[in-house]
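Let me begin by presenting the structure, written as structure tokens, before commenting on it.
The values are calculated or read from the model by the stated rules, or taken from the named source; none is laboratory data. Just so it is clear, the model here is predicted, and its values are computed rather than measured. Cβ atoms come from the backbone with ideal geometry, glycine included; neighbour counts cover every protein chain shown. We work out accessible area using only protein heavy atoms, side chains counted, and drop any ligands, DNA or RNA first. Shrake-Rupley method; radii C 1.70, N 1.55, O 1.52, S 1.80 Å.
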Amino acid sequence: MLVDVAPEHVEGWAEELASLTAGLGHLFARPEPREVFADLVEGLLSDLGRKNGWTMAVRAGHATPHRIQKFLGEASWDADALLAEVQGYIAAHLGDAGATLVLDDTQVIKKGTQSVGVAHQHCGVTGDVRNCQVMVMLTYAARAGHTFYDRRLYLPAVWAQDTSRRRNAGVPEEIAFATKPEPGVEMLRGAIDGGLPFAWVSADADYGKDPALRAFLHENALPYVLGVPVTLPVAGPPGKPYQPAVQKTGDLLHYAIARDRWERRSQGEGFKGQRYYDWTWFEVTLPGQQPADGFAHHLLIRRSTDKKQLAGGRVDFEYAYFLVHHRRDAALPEAVCRTGVRWKVEENNEQAKQTTGLGQYQVRRWNSWHRHVTCAMLALAFLTVQRAQHPDPGQTPAPGDHTASGNAPEQGDDQGKGRRTEEMTAYR
């Protein structure tokens, strides 16, 4: 995690940062945008409380924010070309054949109606409907660190269908309305085509319930662990006489409770220590969707270690469901570990907003949004690479990445965790 990055760390990396920005000078045809680019990235990495055009202009010694505003809005350069360089930098310095690609979206609360893509829509930051922009992000979570690898601005239907707003915001004609998983598939395809090394894909239920995303992952024989709702259609295990039929994920809870074969494992390390839950899984089939050759589908059920007070005053365990597409030699411990890797995108959201100014832009148009966000991604990638190359003395790899076993201490029979079974043998 980068939450402990201090200003002195960044100051000590000044030479590496200057080398990085200078090496990207070929993206700009004139010397002035090269200079402003370096100033902007340095500003995004600085200890400024707010990282907008004015504050970064003052820090860089500019009389007004005009140079930064022109760089983001009018100068001639390609944000996608910079993105390709960011992706190459990540692959070169963090590339890991065991990494996980994590899909998720994050929001920036906005005022007004003119900023591209802003609308009253669900805001994960607050958990309700707010006036906000939504960006779909792809995180690269590797052994050495995790950072954003790709981005897409979500364009709500009210924007996609409004010719005047699109024109005023500079939205390209070819951009049509797409559900959030659709740009997710585009980004995954780009990672594959670009030769990025990785082993698994992870996402929450907003993406896991999408059949087109799952079909793409099946077609490309990619292991995944996806959060799914209790209503996702599944079949299995074979029912016994007088036992309820399994037609959706929630139906398997009856079998899990009756079988009582739970295994306590950590989902990864959080700010308060290891995240321990109880886990069990069942092999299932998806109606109309076959796994890749040599793969199987399992439904993984997570249970809280203690009962909690739930909505309506009911006291019970909390449950969550994950669909796992894995090679048949994989085992539950690795699947559990991969569910925890999904939190890396949440850490990236927090770090990028607090540390590299991801959500502190003062731009409204399509091109300028992509330019700012890509520069913020470069700044976050730089921090991640520097921490990987210059770890603090005594620093150890973070638990919860793909190398962690996630094992809990052995549990006694008196704790009611059931017996270990062949299907829950420790992953080696």
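Given the DSSP H assignment, sum -39500 (n - 2.57) over each helix run of at least 4 residues in the chain and divide by its residue total; what's the result at 222 nm in deg cm²/dmol, nearest 500?
Result for the chain: -10500 deg cm²/dmol, rounded to the nearest 500.
So what are the radius of gyration and Dmax for the Cα set of the range 249-328, in Å?
Expressed in Å, the Cα Rg and Dmax of the range 249-328 come to 14.7, 46.
Could you pull out every one of the lysines with an alpha carbon less than 28 Å from that of Lys344, ignoring same-chain neighbours closer than 8 positions?
Filter leaves Lys51, Lys110, Lys180, Lys209, Lys272, Lys307, Lys308, Lys353.
Please name whichever of Ile192, Asn131, Val171 sits farthest to the positive end of the charge dipole of the chain, dipole taken about the Cα centre and charges placed at Cβ: Lys and Arg +1, Asp and Glu -1.
The Cα lying farthest towards the positive end belongs to Asn131.
When the dipole is taken about the Cα centre of the range 159-202, and only Lys, Arg (+1) and Asp, Glu (-1) are charged at their Cβ, what size is it in debye, to the nearest 20?
My answer is approximately 160 debye.
List the residues whose amide H sits under 5 Å from the amide H of Ala331, counting only those 5 or more places along or on another chain, with H placed 1.01 Å from N in the peptide plane.
none
Give me the accessible area per residue for the chain, probe 1.4 Å, as a whole number in Å².
Accessible surface, normalised per residue, equals 46 Å².
Can you list residues from other chains, or at least 5 along the same chain, whose modelled amide H is less than 5 Å from the amide H of Val201?
Residues meeting the amide H criterion: Leu101, Tyr224, Val225.
Output the 0 to 90 degree angle, nearest 10, between the alpha-carbon long axis of helix 332-341 and the longest principal axis computed from the alpha carbons of the chain.
30
On the accessible surface of the chain, probed at 1.4 Å, how many percent belong to carbon and sulfur atoms?
49
Among Gly294, Val363, Ser202, flag the residue with its Cα farthest along the positive direction of the charge dipole of the chain, charges on Cβ as +1 for Lys/Arg and -1 for Asp/Glu.
The residue sitting most towards the positive pole is Val363.
Evaluate the charge dipole of the range 242-343 about its Cα centre and quote only its size in Debye, nearest 20, assuming +1 on the Cβ of each Lys and Arg and -1 on the Cβ of each Asp and Glu.
Here the size comes out at about 280 debye.
So, with +1 on the Cβ of K and R and -1 on the Cβ of D and E, and no other charges, what is the size of the charge dipole of the range 116-182 about its Cα centre, to the nearest 20 debye?
That gives the range 116-182 a dipole magnitude of about 160 debye.
Out of the DSSP beta bridges found with both residues in the chain, what percent are antiparallel (nearest 5)?
So the antiparallel bridges amount to about 90 percent of the total.
Relative to the longest principal axis of the C-alpha atoms of the chain, give the angle of the C-alpha long axis of helix 14-23, reported between 0 and 90° and rounded to the nearest 10°.
80
In nm, give the distance between the simple-model label positions of Lys111 and Val58, each being 7 Å from the Cα along the Cα-to-Cβ direction.
1.9
Tilt of helix 366-389 relative to the longest C-alpha principal axis of the chain, in degrees (0 to 90, nearest 10)?
Approximately 70 degrees, to the nearest ten.
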